[in-house]
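Right, one structure below, let's go through it.
The values are calculated or read from the model by the stated rules, or taken from the named source; none is laboratory data. Remember, predicted model here, so these are calculated numbers, not experimental data. Please note: Cβ atoms are built from the backbone with ideal geometry, for glycine as well, and neighbour counts cover all protein chains shown. In case anyone asks, the SASA skips ligands and DNA or RNA and just uses the protein heavy atoms, side chains included. Shrake-Rupley method; radii C 1.70, N 1.55, O 1.52, S 1.80 Å.
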Amino acid sequence: MAGTSAAGNPAHGLAKALVRLFPLVWSILVIYPVLWTFFTSLKDNPQVLQGKPWDLPSPLIFENYANVWSRAHFGDYFVNSALVTTGSTLLSLAMAATTAYVLARYEFKGRGALYFIYVASMMIPTILGLIPLVFLLNTLQLSNSLLGLTLVYSVGAVGILPFGVFFLVGFYKSLPKELEEAATIDGCSYFGTFFRIMLPLSKPGLVTVAIMNALTVWNEYIMATVLINDPTKYTVPVGIAIMQGEMQYRTEWGPLFAGLAISMIPVIIAYSVFQRQITGGLTAGALKG
C-alpha cells in the first residue's frame with residue numbers, strides 16, 4: 001500500500017521527472033558550446049558574420065585547421081603543451097604515489113603534520129607563489145624554459161601534487177596489510193613490495209590522478225604566461241590568447257575557432273577513453289578514503 005501510494009503521488013512523479021530532466025539540460029549546456037566551436041571552425045568570415053550561429057558550414061573550410069597549425073604556429077604550441085603536460089604528469093605521479101604510500105603505511109614522527117601541509121597547500125592560490133618562483137627559476141637558470149615550467153608544475157605549483165597525495169592516501173590505507181606481511185615473508189624488500197604489489201593495486205587511483213593532473217596542466221594559463229616569454233615556447237592556452245588578440249582585428253574567426261577545437265580534442269579523447277577509470281577511481285577513492 002505504501003509503495004502504491006508513493007508511486008501514485010503527483011509530487012513524487014514530478015520529482016522523478018525533474019531528476020531525469022536535470023542531466024539532459026546539463027548535457028545540452030555542456031555540448032552546445034563544443035558543437036558551436038566545431039561548426040564555426042569550418043566556416044569562413046562571411047558565414048560567421050552573416051549567417052546564423054547554427055547554420056551548418058557550407059562549404060566546409062578545412063583550410064582553417066591547416067592555416068592555424070602552420071601559419072599561426074599552433075603546432076608549436078601544441079607540441080610544447082604535450083611535452084610539458086607529459087613530463088609534469090609523470091613526475092608528479094611518481095612523487096605523489098611514493099609520498100602517499102609512506103604517509104598511509106608507515107608510522108613516524110611528524111607524519112600527521114606533513115600530511116596536513118600537503119592538504120593545506122591545495123588551498124593556497126597559485127598567484128601567491130609567482131614572484132618567489134620567478135626568482136627561484138632565475139637563480140637555477142631555468143627561467144623561460146619548458147624544463148623549468150615542467151618542474152614548477154610537477155612539484156605542485158598548480159596543486160596537482162598535493163591533490164595526488166591527498167587522493168592516493170585513501171587508496172593505500174584501504175589495502176589489506178596482510179599483503180605486505182605476506183610479501184615480507186616471501187623475501188620482498190620495501191621497494192619490491194611497493195612496486196610489485198601496492199602500486200599495481202592502486203591503478204584506478206593512479207589513472208584518475210594522472211588524468212586530472214594532465215587536464216590541469218594542459219589548461220593552465222597564469223604560470224605559463226608569467227614564466228615563459230619566448231614565443232616559440234608558448235603553450236596552448238597562451239597561444240590561444242595571443243591568437244585571439246591578433247585574429248579578432250584581422251577578423252579571422254574560422255582559424256581562431258579551429259585552434260580552440262584542436263585544443264579541446266585531447267581533452268575530449270581523454271575523457272572518452274578513460275571515462276570508466278576516472279569515475280571508478282573517484283568513486284573508489286571516496287569510499288576508501
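For the stretch 231-256, a residue qualifies if it is touching a helix residue (DSSP H, G or I) at 6+ places or on another chain (Cβ under 7 Å) and under 25 Å from M212 (Cα atoms), and the qualifying residues are K233, Y234, T235, V236, P237, V238, G239, I240. When the stretch 1-24 is limited to residues that are among the hydrophobic types (A, V, I, L, M, F, W, C), assigned to a helix (DSSP H, G or I) and open to solvent by 70 Å² or more (accessible area, probe 1.4 Å), the one that is modelled with the lowest pLDDT turns out to be A2.
Within the stretch 227-238, being over 19 Å from the mean Cα position of the chain (by Cα) and buried (at least 17 other Cβ atoms within 10 Å of the Cβ) holds for L227, I228, K233. When the stretch 30-80 is limited to residues that are part of a loop (DSSP other than H, G, I, E, B) and within 30 Å of the chain's Cα centre (by Cα), the one that is modelled with the lowest pLDDT turns out to be P53.
Here the condition is being of a type in the set (V, I, T), part of a helix (DSSP H, G or I) and open to solvent by 60 Å² or more (accessible area, probe 1.4 Å); of I124, I131, it holds for I131 alone. Exactly one residue out of A258, A241, A270 is open to solvent by less than 50 Å² (accessible area, probe 1.4 Å) and touching a residue at least 60 places away in the same chain (Cβ under 8 Å), and it is A258.
For L83, the conditions (1) open to solvent by less than 90 Å² (accessible area, probe 1.4 Å); (2) at pLDDT 90 or above; (3) of a type in the set (A, V, I, L, M, F, W, C); (4) closer than 30 Å to M243 by Cα are fulfilled apart from (1).
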